[in-house]
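Chemist: Here it is: the structure, laid out below.
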Amino acid sequence: MSSSTQRPEPPYRQIVAEIRARILAGDLRQGERVPSIREIARRWGVAVATATRVMATLRDEGLVETRVGAGAVVGAPTGRKQPVGMATPPRPRRAGVPRQALSRRLTLRAAIAIADTEGLDAVSMRRLAAEFGVGPMSLYRHVSSKEELVTQMTDEVFGEPELPVPGPDGWRAKLELISRLQWELCRGHLWLPRAVSFVRPSLAPNVMAHTEWTLRALDGLGLPMATRMREALTLPALVISIALSMADEVEAEQETGVTLDRWWLAQRERADELLDSGRFPLLATLTGEEVPDVDGLFEYSLACHLDGFAALVEDRARTRS
């Protein structure tokens, strides 16, 4: 076949070739960050699915490995395989995980581990199969689709903390407890806020148990079930909305290598210019200490919300009396 009739390389292979060349040339050295999935999608103008395939190929070739807190980095030379397109031996199964031992929970924990270190976009049936050294069809007996997989991952994570029965005394202490438990889940699994929907909630038993526990925490207040249900949805929505900002910041730091403090320093000149313009006299009085971190923002938001809910409870009690 002449070169004029040959099909062009798929986009993901072209990107793999570029990054591979940089690694082999020494432009990217062992331990240095490589472009993340989101950065690949943005820089090369491809879909996230394509960028995910790029990362999976680089990982399968042994060029890239994932480190918690650092993201994708150049791996050790000894772990490298032959490039895509050349004969490569099948990836070995995880040690101690024979094909017949695959289970739903083992599959979910592997998917959660991938999402924890690489993000939700990196999770796929193909990637999970590669982790265990089996064909993707072997996993479909435990989960039927990516959507179901994410639902089951979410349910698995919500089942990690033990919900105390009956819990601390008083409705407020109970709502503080459930909120902080969910906040810690979001801190430990940065992908979790994006997997939770309040419009199309998943019928997942462990997630539903959190809602049921919250509803029970409001027993005896004389509130109609509609109000209790709104509170049971509003409270985790508060947690999730702040957790999204936390996840975005962690991802931004991993992708750019720039901490939030360093980012603010880089913005200092522009910030001074705006604040010295006289257009924002109140903002100009801030020293920087007034802006809380995400943990502080969560605690402040939770306290203010519960103060407002306490006022609602008192108002309903006065109305009944």
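Chemist: Full-extension gain between residue 260 and residue 17, please, as 0.36 nm times their residue separation minus the C-alpha to C-alpha distance.
Modeler: On the way: separation 243, 0.36 × 243 = 87.48 nm, distance 3.25 nm.
Result for the pair: 84.2 nm of gain on full extension.
Chemist: Amide H neighbours of residue 64 under 5 Å, counting only residues 5+ apart in sequence or on other chains, H built in-plane at 1.01 Å?
Modeler: 59, 75
Chemist: From the backbone phi of the range 119-130, what are the Karplus-calculated ³J(HN,Hα) couplings (6.51 cos²θ - 1.76 cosθ + 1.60, θ = phi - 60°) in whole Hz, Gly and Pro given as x?
Modeler: x, 5, 5, 7, 7, 8, 5, 5, 5, 4, 4, 5
Chemist: When ranked by the protection proxy of mean other Cβ atoms within 10 Å per residue, highest first, what sequence do the peptides 159-172, 230-243 form? Mind showing how you got there, number by number?
Modeler: Working: 159-172: 13.0, 230-243: 18.4.
Ranking the peptides 159-172, 230-243 by packing returns 230-243, 159-172.
Chemist: How would you classify the range 139-287 from its alpha-carbon gyration tensor, with a ≥ b ≥ c the square roots of the eigenvalues: rounded for a/c under 1.5, else prolate if a/b is greater than b/c, otherwise oblate?
Modeler: Details: a/c = 2.75, a/b = 1.52, b/c = 1.81.
In terms of gyration-tensor shape, oblate.
Chemist: Read phi for every residue in the range 231-240 and hand back ³J(HN,Hα) as whole Hz from Karplus 6.51 cos²θ - 1.76 cosθ + 1.60, θ = phi - 60°, with x for Gly and Pro.
Modeler: Here the 3J(HN,Hα) series is 5, 5, 9, 5, 4, x, 5, 4, 4, 5 Hz.
Chemist: Grab the other residues whose beta carbon is less than 11 angstrom from that of residue 191, score K and R as +1, D and E as -1, and report the net.
Modeler: Surrounding charge for residue 191 is -3.
Chemist: Assuming R0 = 45 Å, what is the FRET efficiency of residue 321 and residue 287, from their Cβ-Cβ distance, to the nearest 0.05? Write out the running numbers ahead of the final one.
Modeler: Details: r = 47 Å, r/R0 = 1.04.
Efficiency at R0 = 45 Å is approximately 0.45.
Chemist: Counting other Cβ atoms within 10 Å, keep those with at most 12, restrict to DSSP loop, and tell me which chymotrypsin sites (Phe, Trp or Tyr not before Pro) in the range 182-246 are left. Please list the in-between numbers first.
Modeler: Values: sites: 183, 191, 198, 213; in loops: 191, 198.
Sparse-neighbourhood loop chymotrypsin sites (Phe, Trp or Tyr not before Pro): 198.
Chemist: Still on this structure, please answer the following. Would you mind putting 263-273, 119-129, 142-152 in packing order, based on average other-beta-carbon counts within 10 Å, highest first? All intermediate terms of the calculation are to be shown ahead of the outcome.
Modeler: Values: 263-273: 10.9, 119-129: 19.5, 142-152: 15.6.
Descending mean neighbour count gives 119-129, 142-152, 263-273.
Chemist: For residue 280 and residue 233, calculate 0.36 nm times their separation in residues minus their Cα-Cα distance, and state this gained length in nm to one decimal. List each step's numbers first, then the result.
Modeler: Values: separation 47, 0.36 × 47 = 16.92 nm, distance 3.59 nm.
Stretched out fully, the residue 280 to residue 233 stretch lengthens by 13.3 nm.
Readers should treat all values here as calculations from the given coordinates under stated rules, not as data from a laboratory. Quantities reported herein were computed from a predicted structural model and do not represent experimental measurements. So basically every Cβ, Gly included, is an ideal-geometry build from the backbone, and we count neighbours across all protein chains shown.
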